[in-house]
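Colleague: Right, I'll just put the structure down here and ask away after.
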Amino acid sequence: MAETDWNPWRRFLASPNESRTKTIIVAFLVSAVCAVLVSGATVILRPIQTANRAAEEQARISDLVRGIPGMAALLETSGGTLSTVVIDLETGRAAEGVTRETLDTVLADQANWTALDASADLSGLGQRPNYAQIFLLRDSEGVSLVLLPVTGQGYGGRIDAIVAVHGDMNTIAGMAITQHSETPGLGGRIEDRSWLESFPGKLIRDDSGAVQFSVARGDAANEYQVDGITGATRTGGGMTQMMRFWMGPDGYGPLLDAIARGEF
Amino acid sequence: MPTRTSFWTTLTDPLIRQNPVTLQILGICSALAVTTSLATALTMSVSLTVVLTLAAGVISVIRRHIPDTIRLIVQIVIVASLVIVIDQILQAYFAEISRALSVYVGLITTNCLVLGRTEAYARYHAPLPSMVDAFGNGLGYSLVLIIIGAFRELFGRGQLFGHQVLPLADDGGWFTPLSLMLLAPSAFFLLGGLVWAVRSVWTEQAEPPEHTPPLRPEIVE
């Protein structure tokens, strides 16, 4: 027998590949190195990614606003900016004690989320925050436009979008998808301008106040529907459920009512 | 001993003669999915080539110490980690393209081409030839993706890299876009046509028929 090497590392390298010890150590080392690599990349690059996402969302909001007919002129007269308000979804009023800056900290606390029971949970979210940041545009007669961030469950994961609603609180002025993970070329086409352009002018609720808006299976049949995307039934369904939930009583319903009554 | 010429053949063979996509029909799922435009096809090609080359290098370095029983897991873990890192970099610095590629960067992990090269070549060769082989295969894959991507973007939108090449009929030109080119089936047709074209020129690539049909139809009583 050759004399045993004093160096444990070299002894480990020299041991047969089939030995159990070596198998376990190799598995452990590979996973450790890979874990460090992956976490390192994620942690180091996260600030840049967050900044990217925020910039993109801002760009989409301004894009959305600019795409609404007559919006540019309205913005000019109102000073060129939208006002940001944090609202309490329960009451549909401006939230007390929560501002734009503190919203993230407040929402990090699980106590500020409401669990949804199965019957109310149309879009499969499981819970919704108690506070939301919305954007308003006012003119002499009150609120003329409101931008509402919404979230739903698509085929590939969460869909984040922003819905713009006209001053009557029932006509959609525009729609922008801020984040999604749908299949490219199929559900991913919810991002297409041509599809998003079919939203303006559609109505959300009927006279009784029930949310009627939906994404059709094929071509839109009435003023509450937009055309479906071929081959993306689940994504379209997700969009429908998202609108049904957020425009309904558990979402922005109280807020829309309050604005429509002129209380905002 | 590897010489200069063998390096050269290792690098250039996978371009056409041993092309991983057209000859071995590997990695075609992503080739079909991300080729709707030239820009996404190019990014996918670069990402895959980088992942493939690095993975081949790393696996080749530790090839003598990978126990056979867990070799696939070790390879996949290494490939998956590289893919996540590349994905994070794309999200940070190429946010626009990363969105267009969406899940397909993640799916490089399960791309048969990557595992195929690491399993078939990198496990038995020194780091440098392995990386050259991986790079060559990456280039072969890229070549196919770029050809299909260019075809689809040109005939689907009349554009190349987003620039209008063919004047659209809508804007007073003569070209009516073929919307079919932007759908998944067109990639199948194009890939099939490409495989057929390559095998007609390089006839040695054509596979022998799996069975010879009988001379006369069999009579069934």
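Colleague: What does the C-alpha gyration tensor say about the overall shape of segment A:90-237? Classify as rounded when a/c is under 1.5, otherwise prolate if a/b is larger than b/c, or oblate.
Modeller: Oblate, because a/c is 1.5 or more while a/b does not exceed b/c.
Colleague: Take every Cα pair under 8 Å in chain B that's 6+ residues apart, average their separations, divide by the length, and report that relative contact order as a whole percent.
Modeller: Details: 271 pairs, mean separation 68.2, N = 221.
RCO, chain B: 31 percent.
Colleague: Could you give the spread of the C-alpha atoms of the protein assembly as shown along their three principal axes, from largest to smallest, in whole angstroms?
Modeller: 90, 71, 59
Colleague: Here is a follow-up. Under 10 Å, Cα contacts only: if you run a Gaussian network model on chain A, which one of A:Ala41, A:Ala164, A:Ala54 comes out with the highest mean-square fluctuation?
Modeller: Among A:Ala41, A:Ala164, A:Ala54, the largest GNM mean-square fluctuation belongs to A:Ala41.
Colleague: Continuing with the same structure: Can you compute 3J(HN,Hα) from phi for each residue in segment B:83-91, using the Karplus curve 6.51 cos²θ - 1.76 cosθ + 1.60 with θ = phi - 60°, rounded to whole Hz and x for Gly and Pro?
Modeller: Along segment B:83-91, the couplings run 4, 4, 4, 4, 4, 5, 5, 4, 4 Hz.
Colleague: If you don't mind, there's one more thing I want to ask. With everything on Cα atoms, drop me the angle between helix A:20-67 and the longest principal axis of chain A, reported from 0 to 90° to the nearest 10.
Modeller: 20
Colleague: Turning to a different aspect of this structure: Which residue, B:Thr12, B:Thr40, B:Thr203, has the most motion in a Gaussian network model of chain B that connects Cα atoms within less than 10 Å?
Modeller: It is B:Thr203.
Colleague: Under a Cβ-Cβ cut-off of 11 Å, what is the net charge of the residues other than B:Leu52 that fall near it, where Lys and Arg count +1 and Asp and Glu count -1?
Modeller: Details: positive: B:Arg117; negative: B:Asp133.
Its environment carries a net charge of 0.
Colleague: Another one. How large is ³J(HN,Hα) for each residue in segment A:228-242, as worked out from phi by the Karplus curve 6.51 cos²θ - 1.76 cosθ + 1.60 (θ = phi - 60°), to whole Hz, x for Gly and Pro?
Modeller: x, 9, 4, x, 10, 4, 5, 5, x, x, x, 5, 4, 4, 4
Colleague: For B:Leu160, which sequence-distant residues (separation of 5 or more, or a different chain) have an amide H within less than 5 Å of its own amide H, given hydrogens modelled in the peptide plane?
Modeller: Amide H to amide H, under 5 Å and 5 or more residues apart or across chains, B:Leu160 pairs with B:Val165.
Colleague: Apply the Karplus parameterisation 6.51 cos²θ - 1.76 cosθ + 1.60, with θ equal to phi minus 60°, to every residue of segment B:73-82 and state each ³J(HN,Hα) to the nearest whole Hz, in sequence, with x for glycine and proline.
Modeller: Coupling constants for segment B:73-82: 5, 4, 4, 5, 4, 5, 4, 4, 5, 4 Hz.
Colleague: Still on this structure, I have one more. Once you list every other residue whose beta carbon is under 13 Å from the beta carbon of A:Val211, what net charge do they have if Lys and Arg are +1 and Asp and Glu are -1?
Modeller: It works out to a net charge of -1.
Colleague: Just to verify a number: FRET efficiency for B:Trp196 and B:Ala120, C-beta to C-beta distance, R0 = 22 Å, to 0.05? Don't jump to the answer; show the numbers that get you there.
Modeller: Numbers: r = 26 Å, r/R0 = 1.16.
Step by step, r from the Cβ atoms, then E = 0.30.
Colleague: If the elastic network links every pair of Cα atoms under 10 Å, which of B:His125, B:His211, B:His163 fluctuates the most in the Gaussian network model of chain B?
Modeller: Checking each option, the largest mean-square fluctuation is seen for B:His211.
Colleague: Roughly to the nearest percent, how much of the accessible area of segment A:203-244 is carbon and sulfur, given a 1.4 Å probe? Intermediate values should be presented prior to the final figure.
Modeller: Numbers: 820 of 2090 Å².
Carbon-and-sulfur percentage of accessible area, whole number: 39.
Colleague: Please compute the contact order of chain A in relative form: average sequence separation of alpha-carbon pairs under 8 Å and at least six residues apart, divided by the residue count, as a percent. Spell out each step's value before the answer.
Modeller: Numbers: 402 pairs, mean separation 39.2, N = 264.
For chain A, the relative contact order is 15 percent.
Colleague: How high is the FRET efficiency from A:Asp168 to B:Leu180, r the C-beta distance, R0 60 Å, rounded to 0.05?
Modeller: Details: r = 41 Å, r/R0 = 0.69.
The calculated FRET efficiency here is 0.90.
Colleague: With a/c under 1.5 counting as rounded, go ahead and sort chain B into rounded, prolate or oblate using the C-alpha gyration tensor (a ≥ b ≥ c being the square roots of the eigenvalues; past the cut-off, prolate if a/b is larger than b/c, else oblate). Mind dumping the intermediate values first?
Modeller: On the way: a/c = 1.93, a/b = 1.15, b/c = 1.67.
The shape class here is oblate.
Colleague: Kindly compute the accessible surface that chains B and A hide from a 1.4 Å probe when together, both sides summed, and give it to the nearest 100 Å².
Modeller: 2000
Colleague: Alpha carbon centre of segment A:12-29 versus segment A:194-237: separation in Å?
Modeller: For segment A:12-29 versus segment A:194-237, the Cα centre distance is 60 Å.
Colleague: Under 13 Å from the Cβ of A:Ala132, count the other residues' Cβ atoms, weight Lys and Arg +1, Asp and Glu -1, and hand me the total. The partial results should precede the final answer.
Modeller: Working: positive: A:Arg93, A:Arg100, A:Arg128; negative: A:Asp88, A:Glu90, A:Asp104, A:Asp160, A:Asp250.
Neighbourhood net charge equals -2.
Colleague: For chain B, what is the accessible area per residue in Å², given a 1.4 Å probe and the full set of protein chains? Don't skip to the end; give the middle numbers.
Modeller: Working: 11740 Å² over 221 residues.
Solvent-accessible surface per residue comes out at 53 Å².
The values are calculated or read from the model by the stated rules, or taken from the named source; none is laboratory data. What you see is a predicted model; the values in this text were computed from it and never measured. Neighbour counts run over all protein chains shown; Cβ positions are idealised from the backbone, glycine included. Just so you know, the surface numbers come from the protein's heavy atoms only, side chains and all, with ligands and any DNA or RNA stripped out. Shrake-Rupley method; radii C 1.70, N 1.55, O 1.52, S 1.80 Å.
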